[in-house]
């Protein structure tokens, strides 16, 4: 639609707002709206009255990984209430957590995955998402509802928490390598647990990113979502490393220096994310070159699990470089 610019007074230019749009958002004279300038365009956001959003998910016949995708999609899109429908005749369900690890890695390490009721399984899902709780349930359904308000401040706190949890994963990995801790299923579980906590905050940030439409979020929304997506992939690499440590029968302390270099690389990105400067970017580029140079000069070990861990560390460095690309783009 087009609007003609109207001159009012000496220096004021105005345009009229479409009546259908103002009625839809219940805007009246005197209300404040948020105006965002982006690449020569103006985006006008109405009052943050998004309304109560509800949906339903029928999980009948879905595998655990597919149920995750539906729950995650509804949560990230900002639904306030979700009705989950399930098969009342099915009495035993797999655990919501570590499905692939339970089916493959844990069984190989001698553990048998347990079963639970539908409500217990759904409760495991719900506990993973910040702010959600089951408020009602019946014979073949339960109702999940958001119990708090999302805000930009909570987004900032949660994003910072994601970075700190990833650094905690690095510290745990370095400790494991230094002490040659291998061949124990608990190594895998410990790293999985830390990664699950990272995923909780990533989903929460995605939810807030989708729900809030003020000027502080509008400009970098796509870049922020891509950043969160890459941080999730980066955290997943530690799960795979944990799997190899749990299966390894040989020493891994020779990987310590390389792991510390990768951690330093991520720390450099983390500091530049919050305090961007040219010299920091130069240092980051030099460190990236060092990582690749060290990698191609490295000789393969007789320990196949150690070689796989190196590949996952390299993948972490690649994801960190991609994250830096997104951070640089935020400057424009």
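Taken together, the values in this text are just the output of simple stated rules run on the coordinates, not laboratory data. Quick caveat, the model's predicted, so the values are computed rather than measured. Heads up, the Cβs are rebuilt from the backbone with ideal geometry, glycines too, and the neighbour counts pull from every protein chain shown.
Among 289, 270, which is the only one that is free of Cβ contacts under 8 Å to residues at least 60 places away in the same chain and farther than 23 Å from residue 183 by Cα?
Working: 270 fails: free of Cβ contacts under 8 Å to residues at least 60 places away in the same chain.
Residue meeting the stated conditions: 289.
In the range 65-96, which residues are part of a helix (DSSP H, G or I), touching a residue at least 24 places away in the same chain (Cβ under 8 Å) and closer than 23 Å to residue 135 by Cβ? Before you say what the answer is, go through the steps one by one.
First, the residues of the range 65-96 that are part of a helix (DSSP H, G or I): 65-76.
Right, trim to touching a residue at least 24 places away in the same chain (Cβ under 8 Å) and you get 65, 67-68, 71-72, 75-76.
Answer for the range 65-96, where residues must be part of a helix (DSSP H, G or I), touching a residue at least 24 places away in the same chain (Cβ under 8 Å) and closer than 23 Å to residue 135 by Cβ: 67, 68, 71, 72, 75, 76.
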Failed condition for residue 296, given (1) part of a helix (DSSP H, G or I); (2) within 28 Å of the chain's Cα centre (by Cα), with all others met?
(2)
Is it fair to say residue 224 is closer than 30 Å to residue 305 by Cβ and buried (at least 18 other Cβ atoms within 10 Å of the Cβ)?
no
How many residues of the range 129-164 are surrounded by 14 or more Cβ atoms within 10 Å (Cβ to Cβ) and part of a strand (DSSP E or B)? The answer is 10
